[in-house]
1. Residue 211 to residue 23: extension gain in nm, 0.36 nm per residue of separation minus the Cα-Cα distance?
2. Using the count of nearby Cβ atoms within 10 Å as a rough guide to exposure, how do 58, 240 rank from fewest to most?
3. Counting helices only, and only those DSSP H runs with n ≥ 4, report the 222 nm mean residue ellipticity of the chain as the sum of -39,500 (n - 2.57) divided by its residues, in deg cm²/dmol to the nearest 500.
4. Please compute the length gained on full extension between residue 250 and residue 69, using 0.36 nm multiplied by the number of residues separating them and subtracting their Cα-Cα distance.
5. Rank the residues 24, 124, 119 as a footprinting-exposure proxy: fewest other Cβ atoms within 10 Å of their Cβ go first.
6. Taking 8 Å as the Cα distance limit and 6 or more residues as the minimum spacing, I'd like the relative contact order of segment 2-142 as a percentage.
7. Tell me which trypsin sites (Lys or Arg not before Pro) from segment 211-312 have a DSSP coil assignment and no more than 12 other beta carbons within 10 Å of their own.
8. Given the Cα-Cα distance of residue 86 and residue 138 and 0.36 nm per residue of separation, how much length would full extension add, in nm?
Amino acid sequence: MSTTEPDATATQSWRWPESQWRRHVEAVRAGRPLKPERWPDGARVAVALSFDSDHETIPLRDGHTSPGLLAQGEYGARVGAPRVLDLLARFGAPATFFMPAVSALLHPDEARSYTRDGHEIAVHGWIHERNTLLGAEDEKALVGRALDTLTDLTGQRPTGIRTPSWDFSDSTLRTILDLGFSYDSSLMADDEPYEILAAGRPTGLVEIPVDWIRDDAPYFTMDRYGAVRPHSRPRDVLEIWTDEFDAAYRSGGVFQLTLHPHVIGHRSRLIVLRELLDHIAGHPGVWFATHAELAQAVRAAIPPHEIPEHTS
Ligand SMILES: [Zn+2]
C-alpha cells in the first residue's frame with residue numbers, strides 16, 4: 001500500500017479537462033480477456049497459488065532494523081516456508097514464489113529449493129521497495145538487479161514479476177516490457193487474466209490479477225503501535241477463499257491466491273490453507289499451475305502477429 005496519497009487540493013482534479021482524466025485512466029488498462037475456452041487436459045478450473053517470500057524485507061524496506069521486527073520476517077523463512085513447501089508437496093501442487101532479491105540472498109537455500117521442488121521463482125523487487133516512489137532509472141536498475149540475482153541463485157531466469165507495492169509507477173510498465181517479462185501479477189482489473197494495454201495499445205503482456213480479498217496479509221497482520229489492529233478469525237477467511245474458489249470453478253476460470261510464509265505459516269492459519277487445498281483437491285478437473293504456466297496457457301489467446309516487439 002502506498003503511503004503517499006495524492007493531495008487532492010494540490011492536484012485539483014475537478015479542474016482537469018477530459019483529455020487529462022482520460023490519459024490517466026488509459027495509461028495502464030485491461031485489454032483483451034484471456035480466459036481460454038478450455039484449460040489444459042480439459043480441466044475445469046486453474047488454481048494459481050502464490051507466496052510472496054518477503055521475510056525480513058518488509059521492515060528493512062522502511063529502514064526498520066530492530067531484532068523484534070526482523071524476527072517476524074525470519075519466522076517466514078525459518079518456519080513458514082518449510083511448512084508451506086511440505087504442504088504443497090503433499091498435494092502435488094506447484095506454486096509461484098515471488099521473492100525480493102534481498103530475501104533470496106539472505107536465504108539462498110530456500111530460493112534454490114523452490115525451483116528444485118518444481119515451483120516457480122519470480123521477481124518481487126530488490127528489497128521490497130515502494131516502486132511507486134522511485135524514479136524510472138532507479139526502478140529499472142533495481143528490477144534488473146533482482147532479475148539477475150534470482151537467475152544467479154537458481155540457474156533459472158524468472159519470467160514473471162509482482163511489484164512490491166502491488167502498483168505501477170509511471171515507468172513500471174515500460175520497465176517490465178523492456179526487461180522481457182512475459183507476465184505481471186500486481187493489478188486488479190478482473191478476476192481472470194487479461195492483456196495489458198498501454199495508452200490504448202496492446203502490449204502482449206499478460207496480467208494475472210491479484211486482489212486484497214485473496215491475500216492473507218490484510219486479514220492477519222497488525223501494526224504494533226497503530227490504532228487499528230485488523231484481525232480476522234482464520235476460519236472466516238477460509239470461508240471467503242472457499243467461496244472465491246467455488247465461483248471460479250463454476251465459471252471455469254482462475255482461482256488465484258497470494259499468501260506470505262511469515263503470515264500463513266503460523267499453526268492456527270496453516271490449517272486454513274490445508275483445508276482449502278483439501279476442498280480444492282476434492283473437485284474433479286483442477287489444474288494446479290504456476291503463474292508462468294498459467295500465463296503461457298492464456299497467452300495463446302493473443303495472435304502471435306499481434307504481439308508487439310519491445311526494445312529498450
Ligand atoms: Zn511482498
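1. 65.3 nm is the gain from fully extending residue 211 to residue 23.
2. Ranked by crowding around the Cβ, least crowded first: 240, 58.
3. Value at 222 nm, helices only, nearest 500: -12000 deg cm²/dmol.
4. 61.0 nm
5. Values: 24 10, 124 29, 119 22.
Ascending number of Cβ neighbours within 10 Å: 24, 119, 124.
6. Values: 120 pairs, mean separation 32.1, N = 141.
Dividing the mean separation by the residue count of segment 2-142 yields 23 percent.
7. Passing both the DSSP loop test and the Cβ count: 224.
8. In short, 15.0 nm is gained.
Quick note: the coordinates plus some simple rules give every number you see, no bench work behind them. Just so you know, these numbers come straight off a predicted model, no measurement behind them. Here the Cβ is made from the backbone with ideal geometry for all residues, glycine too, and neighbour counts use every protein chain on show.
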